[in-house]
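Trainee: After the C-alpha cells below, expect a handful of questions from me.
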Amino acid sequence: MPGSDTRVVELRVHGIMGTTAESLVGAVAAVDVAGDGIGRIVRPADRLRRPGPGPLLRTSDRSVPRVVEGYLWSGMTSGGLSKSTWALMFPFTLANLAHWMLPPVPHDNRPAAALGLVGRALLRLAALLLTVLFVTQVAVVSLDLVAAQCLAPGAACMSGAVPDWLRELRGFRPVVGLLPALLVVLLLARVSSVTWSVNAPPLPSPVPGNRPRRMPGASLVADPDTPTLRALHTVAGLAVLALLPSGGPFTASPVVTGQWVAGLTLLVLAALGVLLLDDPTGATPHRAGRWLRLALGRVTRRVLLFISVLLVISTAVAQEPLPNGLADTDITIEGTTGVLVVVCVLFGLVLIPAALLARREFWAEQPRELRPWAGGWMSPIVLVIAALLGGGFGAGVAITVRELLGSNGLELPAGYEPVTLLWGAAAAFALVIGLLLGSITAVHRWRRNRRGAQPPESSLLHADSPPAEQATATRAWRNARFQRNHLHHLLLACGAALGLGAGVSIWMRLRGVGLPEWMEPFSAVGVFALGFLAAALMRAVYQAIRRPDLSRTLGILADLACFWPRESHPVVPPCYALKVIPELTERAAEHLQDRSTRVVITGHSHGSLIAVVAVSRLMETLPPEDRERVGLVTAGSPLQWAYPRAFPSVVPHRSLAELHGELDGRWRALCRGTDPLGGAVTTWRRQVYDSKMIGMGFRPDGSSGPLTPARTTESGALVLGSDHWLPDPQLQPVPGLRWSPGVRRHSDYYADPEWDEAVAIAAGLM
C-alpha cells in the first residue's frame, strides 16, 4: 500500500522524429541528470539550471510528489555527416528488416524449424548479393564509366581537365577506377563495425518463476555472428573488385587468370559462409555451426581481408593498359541480379509453408484485425523492395553520372536497359493500382459520408458537442482509421508493382526480345525515374549535411529501421535499441532501490515499443515485491495495428497479453481515433450497445475476452479495459493544463487531462 512518503518517477520515452528535452519533460528548460551525451536522461530545470521536481500527481484522495524524467535517444539517428549518409544504405537496412519480419517458428516442430533455417540462410545469401551488386554498381561508375571509357587516351570526355599524357601514365587509370570503389568497400566495413557503447551494467539473470512463456522483444539481442558476417561481406565486395577488370579466366596472362580464380574462390567462400552461418543456436556443442565459427575466427577473418585487399591492389598493378571498356561489368551485374532474383523467389516459396505452420500455431484463432500482415508473408515483399531499390539506385547513379560527364560515347552495361524498363513498367503499374485504389477509396468514403455513420467511440465521446465539432471529429476518425487499416496494403501494392515490372523485364531478357517501339516510353520513364531517385536522394543527403535541422527528415527512416539489431545484413547503421533499452531499464531499477518510489515508464508513438520491451525486462529481472512498483503508459502507440502484425516473432499478440497480465492493470494506453499512427492497444471489436461501449480485450489476469462496459472519466475520456479513449477535439479547457484547440491527432498527449489519471493508475495509486 502507498504510504505518506510515496513518490512517483515518470520516465518518458519519445517516438520518431525526435523532440527537444524541454518538450519531452514539459518544461521551459531542461538539464541532463544522467547519460553519456548520446543517450540523455533529462529533467525539468529551474532558472539556475538545477534539476527540479515535476508537478504533483493528483489521485482520488491526495497529491503525490512526482519526478519527471525523459530519455532522449534521437541523437543516435540524426545529425552529422555520417548519420546523414546512412540513407544511402537504405536497401541494406530493408534486407536486415526482413529478418525481423519472419514468421515465428512453432516449438518442437521439425518441419517449421527446417523451413526457418532454410529461410534465414536464403535471406543472408540475398543480403550478400545485395552487397555484391552495390559494389559492382560503384565499380561501373568509377572503373568502367570514368576510368576505362571517359579517361581513355584520345577520348573527348573531360579532355580539357585531364591531358593525354596523364591518361597514358602507367597505373593512373586503374588506380582512378579501383581506388574509389575500394574506399567505398572499406567505408562500409567501417560503418558496419560501429556500435553504441552501453552506459549500464549487464542485466541480471531472470528471477526464477518470473519469466513467462514469452515476453515482448525477447529476441532483441546482439548477434555474436555479426563480425563474421561483416568480414564475409567485405571479402565478397573486394573479390568482385578483383574480378571486374581481369577479363575472365581465359586471358593471355597467367597472372591475370590466377587473380580471377582467386577472386572467384573468395566470392564462393563468402557465399558458403553466409549460407552455413546460422543464428546463435548453431553455437551449441552438438551443432556443426560451432566448428564453422571456430574456423571463421578473428585470425581467419583478418587473413581473408588482408588477402582480398592485396588481390585488389595486384589487380590494379596487373591491368596495364586498362581496356577502353569492361565487358565483365555487364556479365557480373546480370549474373548477380539473376542469382538474386532466384534467391528471392526461393525465399518466398519457402516462407509460404512456414507462414501456414505459424498461422496454425499462433494466430488462427485471433480476430482478423489482429493477424499478421499478408498472413506472415511480409518478409519476402520487403526483401523484393530492397533488391529492386538497390538495383534501381545503382542504375540511377550511373545514368546521372553519364549525363553529368556529357559525352555521347559513354556506354552503360546492357543489363541496365531491363532495369530502366522495370522501373518504367513499375511506375505504370503503380499508377494503375493507385488510380484503382483511389477510386475504391473515394467511393467507399462517399458511401460512408452519405450514410452519416459515426465511429462507435466518436459517437459517445462527442455526443454533447456542437454539430460542427462532431462532423470534424468524425472526418478525422475516418481518415485516421483508413490510414491504419490500409498502410500495409500500400506496401503490398508497391511490392506488387515493382514485382510485375521485374517480371516483364526479366521475361524480355530471357526470351531475347528486343524493346518494342510501344514500350520505349516505359524505358524513358524508367530512365527519368532512376535519375530523379538518385539525384533526389543525393540532394537530400547534401542538404542534411549542410543544414542539420533538415536531417530529421532522413532520420525518420533511421528511427524506424535502425531500431532492429544487425542480423541478415551487417552493413547497416548501429542498432540504438541495444543501448536504449538496457540504459532505460537500469535507470528504472536505480529508482526502485528506494522502497517508497514507484516507477512508471511512458512511451509515445515508437517510444511505446521501447517502453514495452524495457518493462518486460524489468518483469523478468526484478523480485516480486519490486515488480508491484512498476507501471507502463503508452500513448499514440502502434502496438496493435502495426508492430505485432509486421513483426509477429518479436512482439506477438500473445506476449503483449502476458505482459498485461504481469502488470495486473498497471498498463494504461491513451488512444485517439483521430491519430493515424496510434490506435487501440489492449482492446478490439468495439461497439456501442445500449449507449455503452463494449468490446474484447486484455484482462488483468493475462487472458483475453469480453470486457465490462466502458466508463467515462471526469475529462470526458472513455476507459474500456486498459484503453483510455480521448475526445479529440478536447471538450473544454482544464485549469492548470495547456489548452490545445482543434484536432490534435498524434501530438500533445502529455497535455491531455487524462494523462495524470493514467499515470496514477499505472503507479498503483488508484
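The values are calculated or read from the model by the stated rules, or taken from the named source; none is laboratory data. Just so it is clear, the structure is predicted and the values come from calculations on it, not from any experiment. Because the Cβ atoms are built from the backbone with ideal geometry, glycine has one as well, and the counts that use them run over all protein chains shown. Ligands, DNA and RNA are stripped out before the accessible areas are found, and what is left, the full protein with its side chains, is counted by its heavy atoms. Shrake-Rupley method; radii C 1.70, N 1.55, O 1.52, S 1.80 Å.
Trainee: Could you pull out every one of the strands (runs of 3 or more DSSP E) wholly within segment 667-716 that has 1 or more residues that are loosely packed, with under 14 Cβ neighbours inside 10 Å?
Mentor: Correct list: 683-689, 704-706.
Trainee: Pick out the one residue from SER596, SER616 that is of a type in the set (S, T, N, Q) and surrounded by fewer than 20 Cβ atoms within 10 Å (Cβ to Cβ).
Mentor: Answer to the selection: SER596.
Trainee: Which condition number in (1) under 26 Å from PRO565 (Cβ atoms); (2) open to solvent by less than 50 Å² (accessible area, probe 1.4 Å); (3) not small (Gly, Ala, Ser) is the one that LEU117 fails?
Mentor: (2)
Trainee: Among the residues of segment 604-624, which ones are more than 25 Å from ARG745 (Cα to Cα), assigned to a helix (DSSP H, G or I) and out of contact with any Gly (no Cβ under 7 Å at 6 or more places or on another chain)?
Mentor: Hits for segment 604-624 are ALA614, VAL615, ARG617, LEU618, MET619, GLU620, THR621, PRO624.
Trainee: A follow-up question, please. Could you check segment 154-167 and list, in sequence order, the residues that are in contact (Cβ under 8 Å) with a residue 40 or more places away in the chain and open to solvent by 20 Å² or more (accessible area, probe 1.4 Å)?
Mentor: Residues satisfying the conditions are ALA155, ALA156, MET158.
Trainee: Can you find a residue in segment 113-120 that is of a type in the set (Gly, Ala, Ser), in contact (Cβ under 8 Å) with a residue 12 or more places away in the chain and closer than 17 Å to LEU326 by Cα? Steps first, please.
Mentor: Filtering segment 113-120 for residues of a type in the set (Gly, Ala, Ser) gives 113-114, 116, 119.
Now drop any that are not in contact (Cβ under 8 Å) with a residue 12 or more places away in the chain, which leaves 116, 119.
Cutting the leftovers down to closer than 17 Å to LEU326 by Cα gives us none.
For segment 113-120, residues of a type in the set (Gly, Ala, Ser), in contact (Cβ under 8 Å) with a residue 12 or more places away in the chain and closer than 17 Å to LEU326 by Cα: absent.
Trainee: If you don't mind, there's one more thing I want to ask. Could you please let me know if THR585 is crowded, with 20+ Cβ neighbours inside 10 Å and either under 22 Å from ARG7 (Cβ atoms) or in contact (Cβ under 8 Å) with a residue 12 or more places away in the chain (or both)?
Mentor: Judged against the criteria, THR585 is a match.
Trainee: Among the residues of segment 401-421, is any within 31 Å of the chain's Cα centre (by Cα), in a helix (DSSP H, G or I), surrounded by fewer than 22 Cβ atoms within 10 Å (Cβ to Cβ) and modelled with pLDDT of 70 or more? Please lay out each step first, then the result.
Mentor: First pass over segment 401-421, keeping only residues within 31 Å of the chain's Cα centre (by Cα): 401, 415-421.
Next, only the ones that are in a helix (DSSP H, G or I) stay: 401, 416-421.
Filter once more, so that each one left must be surrounded by fewer than 22 Cβ atoms within 10 Å (Cβ to Cβ): 401, 417.
If we keep only those that are modelled with pLDDT of 70 or more as well, we get 401.
Within segment 401-421, one or more residues are within 31 Å of the chain's Cα centre (by Cα), in a helix (DSSP H, G or I), surrounded by fewer than 22 Cβ atoms within 10 Å (Cβ to Cβ) and modelled with pLDDT of 70 or more.
Conditions tested, residue by residue: (1) at pLDDT below 90; (2) of a type outside the set (Lys, Arg); (3) closer than 22 Å to PRO104 by Cβ.
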| residue | (1), (2), (3) |
| --- | --- |
| LEU609 | no, yes, yes |
| PRO623 | yes, yes, no |
| ALA635 | no, yes, no |
| HIS660 | no, yes, yes |
| LEU663 | no, yes, no |
| ARG666 | no, no, no |
| PHE698 | no, yes, yes |
| ASP701 | yes, yes, no |
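Trainee: Then there is this: Kindly indicate whether any position in segment 130-137 is modelled with pLDDT under 85 and more than 20 Å from the chain's Cα centre (by Cα).
Mentor: no
Table: residues versus (1) under 30 Å from the mean Cα position of the chain (by Cα); (2) of a type in the set (A, V, I, L, M); (3) open to solvent by 20 Å² or more (accessible area, probe 1.4 Å).
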{"residue": "VAL8", "(1), (2), (3)": "no, yes, no"}
{"residue": "GLU22", "(1), (2), (3)": "yes, no, yes"}
{"residue": "ALA27", "(1), (2), (3)": "no, yes, yes"}
{"residue": "VAL31", "(1), (2), (3)": "no, yes, yes"}
{"residue": "GLY35", "(1), (2), (3)": "yes, no, yes"}
{"residue": "GLY39", "(1), (2), (3)": "yes, no, no"}
{"residue": "ARG50", "(1), (2), (3)": "no, no, yes"}
{"residue": "LEU57", "(1), (2), (3)": "no, yes, no"}
{"residue": "VAL68", "(1), (2), (3)": "yes, yes, no"}
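Trainee: Still on this structure, please answer the following. Out of segment 287-301, which residues are outside any helix (DSSP H, G or I), at pLDDT 75 or above and loosely packed, with under 13 Cβ neighbours inside 10 Å?
Mentor: Initially, segment 287-301 is screened for residues outside any helix (DSSP H, G or I), giving 287-288, 296-297.
Filter once more, so that each one left must be at pLDDT 75 or above: 296-297.
Correct list: GLY297 only.
Trainee: What's the number of the condition ARG672 fails, among (1) basic (Lys, Arg); (2) over 21 Å from ASP464 (Cα atoms); (3) at pLDDT 85 or above?
Mentor: The number of the failed condition is (2).
Trainee: Just a yes or no: is a residue in segment 371-391 in a loop (DSSP other than H, G, I, E, B), crowded, with 24+ Cβ neighbours inside 10 Å and either out of contact with any Lys or Arg (no Cβ under 8 Å at 6 or more places or on another chain) or modelled with pLDDT of 70 or more (or both)? Show your work before the answer.
Mentor: Quick first cut of segment 371-391, residues in a loop (DSSP other than H, G, I, E, B) only: 371-372, 377.
If we keep only those that are crowded, with 24+ Cβ neighbours inside 10 Å too, we end up with 372.
Among the residues that remain, those that are also either out of contact with any Lys or Arg (no Cβ under 8 Å at 6 or more places or on another chain) or modelled with pLDDT of 70 or more (or both) are: 372.
Checked against the condition, which is being in a loop (DSSP other than H, G, I, E, B), crowded, with 24+ Cβ neighbours inside 10 Å and either out of contact with any Lys or Arg (no Cβ under 8 Å at 6 or more places or on another chain) or modelled with pLDDT of 70 or more (or both), segment 371-391 yields at least one hit.
Trainee: Restricting to segment 85-114, name every residue that is open to solvent by 30 Å² or more (accessible area, probe 1.4 Å) and of a type in the set (Val, Ile, Thr).
Mentor: THR85, VAL105
Trainee: Please work out which one of (1) under 28 Å from the mean Cα position of the chain (by Cα); (2) open to solvent by less than 40 Å² (accessible area, probe 1.4 Å) is the condition ARG654 fails and give its number.
Mentor: Every listed condition holds for ARG654 apart from (2).
Trainee: Also, quick follow-up: If a residue has to be part of a helix (DSSP H, G or I) and either within 16 Å of LEU310 (Cα to Cα) or touching a Gly at 6+ places or on another chain (Cβ under 9 Å) (or both) to count, how many in segment 181-198 make the cut?
Mentor: The total comes to 8.
Trainee: Can you run down the residue pairs with Cβ atoms below 9 Å, 6 or more apart or on separate chains, where the first is in segment 25-48 and within 20 Å of HIS604 (Cβ to Cβ) and the partner is among the polar types (S, T, N, Q) and part of a strand (DSSP E or B)?
Mentor: none
Trainee: While we're here: For segment 717-741, give me each residue that is farther than 21 Å from GLN640 by Cβ and open to solvent by less than 40 Å² (accessible area, probe 1.4 Å).
Mentor: PRO729, GLN730, SER740
Trainee: Next up: For THR474, work out the one condition from (1) at pLDDT 75 or above; (2) open to solvent by 50 Å² or more (accessible area, probe 1.4 Å); (3) among the β-branched types (Val, Ile, Thr) it doesn't fulfil.
Mentor: Here THR474 clears every test but (2).
Trainee: While we're on this one: For segment 621-637, give me the residue count where each residue is buried (at least 24 other Cβ atoms within 10 Å of the Cβ) and free of Cβ contacts under 8 Å to residues at least 60 places away in the same chain.
Mentor: Looking only at that region, the number is 3.
Trainee: Still on this structure, please answer the following. Looking only at segment 129-145, decide whether some residue is outside any helix (DSSP H, G or I), open to solvent by 10 Å² or more (accessible area, probe 1.4 Å) and polar (S, T, N, Q).
Mentor: No, the conditions are met nowhere in segment 129-145.
Trainee: Return yes when GLY15 is open to solvent by 30 Å² or more (accessible area, probe 1.4 Å) and part of a loop (DSSP other than H, G, I, E, B) and no when it is not.
Mentor: Details: open to solvent by 30 Å² or more (accessible area, probe 1.4 Å): no; part of a loop (DSSP other than H, G, I, E, B): yes.
Criteria not met by GLY15.
One line per residue, one yes/no per condition, for (1) surrounded by fewer than 20 Cβ atoms within 10 Å (Cβ to Cβ); (2) at pLDDT 90 or above:
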position	(1), (2)
LEU232	no, yes
LEU243	no, no
GLY247	yes, no
PRO254	yes, no
THR257	yes, no
VAL261	yes, no
GLY282	yes, no
